[in-house]
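Please read the structure below before turning to the comments.
The values are calculated or read from the model by the stated rules, or taken from the named source; none is laboratory data. Because the structure is predicted, anything quoted here is derived from the model rather than measured. All Cβ positions, even for glycine, are placed from backbone atoms using ideal geometry, and neighbour counts span all protein chains on display. For the accessible areas, the whole protein counts, side chains as well, though only heavy atoms, and no ligand, DNA or RNA atoms are used. Shrake-Rupley method; radii C 1.70, N 1.55, O 1.52, S 1.80 Å.
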Amino acid sequence: MLKLSTWRTLITALSLLISWSVSAASSPPVIAAASDLQFALTEIAEDFTQESGQRIKLAFGSSGVFYRQIMQGGPFELYLSADEAYVERLATNGMTQDAGTLYALGRLALVVPDTAARNADKQLGDMREGNVDSSIQRFAIANPEHAPYGQRAEEALRHIRVWDVLKDRLVLGENVSQAAQFVASGNAQAGIVAYSLALAPALQKHTSMALVPAAWHQPLRQRMVLTNKAGPVSEAFYHYMQTPAARAVMKRYGFDLNSGE
């Protein structure tokens, strides 16, 4: 016969196990999303929760960093990448349910602080002619080593032959959202960031913006995919992302929805 102290220990352990199980079951799934989606996806997630009553947790960052974390067993159930190549690699390595689907084409924008003497349109016009204003001592882009928007920004700057002029003035953001913050805060005199971020009211308050021609860089084909850890809530959000309501929000933030797939 078990002693009273032993019963108490067993009851305590059982209570902790039940508590942990309930907590794990009620925890919202974590969604890994490229930082260009910071404003659009936050709005879409709020609409999703309001309509379904289900919650998700959004984590924004560099697509390349998330790719490595998922390969190493990260907890993400849904991955929205700014570059479909990362999704394709995950699928090839058996880390996803399938090859996912394209959800948008991204665009770039040149942004400058609203205190600058020359606005973004004039700066972009100068750069198109191969000229860089001497007042630009710091130029912000996302880190091209792991951020798709940084890679495309480098391509655009090389296309108009100003990369060599600017490469020593670059301020690299860990992701494109941080690069945008550098410009908005005045820590950089100009930068190339996601058009979706440049359209956000929080950035528009502090900057002027000019859309970078798509012909200056390779397309930003953005793909999302369910990982092998996906549960029913993340699956529901994956499908919600493809509804007219979600796509309308994406369009409002400047994403091209004619992905060609």
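Matching residues to (1) in a helix (DSSP H, G or I); (2) over 15 Å from the mean Cα position of the chain (by Cα); (3) among the aromatic types (F, W, Y):
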site	(1), (2), (3)
T42	yes, no, no
A91	yes, yes, no
D98	no, yes, no
V111	no, yes, no
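Which residues, taken from region 70-87, are closer than 15 Å to G106 by Cα, open to solvent by 20 Å² or more (accessible area, probe 1.4 Å) and touching a residue at least 60 places away in the same chain (Cβ under 8 Å)? Those that are closer than 15 Å to G106 by Cα, open to solvent by 20 Å² or more (accessible area, probe 1.4 Å) and touching a residue at least 60 places away in the same chain (Cβ under 8 Å): D83, E84.
Filtering S185, S177 for residues that are of a type in the set (S, T, Y), open to solvent by 70 Å² or more (accessible area, probe 1.4 Å), out of contact with any His (no Cβ under 7 Å at 6 or more places or on another chain) and over 11 Å from L110 (Cα atoms) leaves a single hit, S185.
Please go through region 132-148 and pick out each residue that is assigned to a loop (DSSP other than H, G, I, E, B), at pLDDT 90 or above and either more than 28 Å from the chain's Cα centre (by Cα) or under 26 Å from A82 (Cβ atoms) (or both). If the condition is that a residue be assigned to a loop (DSSP other than H, G, I, E, B), at pLDDT 90 or above and either more than 28 Å from the chain's Cα centre (by Cα) or under 26 Å from A82 (Cβ atoms) (or both), then V132, I136, R138, N143, P144, E145, H146, A147 are the ones that fit. Taking residues in region 93-112 that are touching a residue at least 40 places away in the same chain (Cβ under 8 Å), and partners anywhere that are surrounded by fewer than 22 Cβ atoms within 10 Å (Cβ to Cβ) and basic (K, R), the pairs with Cβ atoms closer than 7 Å and at least 6 places apart or on different chains are L102/R221; L105/R221.
Name every residue in region 200-212 that is open to solvent by less than 40 Å² (accessible area, probe 1.4 Å), farther than 24 Å from S134 by Cβ and in contact with a strand residue (DSSP E or B) (Cβ under 9 Å, 6 or more places away or on another chain), in order of residue number. Passing the criteria: only L203. For region 110-131, the candidate set comprises residues that are among the β-branched types (V, I, T) and either open to solvent by less than 90 Å² (accessible area, probe 1.4 Å) or at pLDDT 90 or above (or both); within that set, the residue that is nearest to Y86 (Cα to Cα) is V111.
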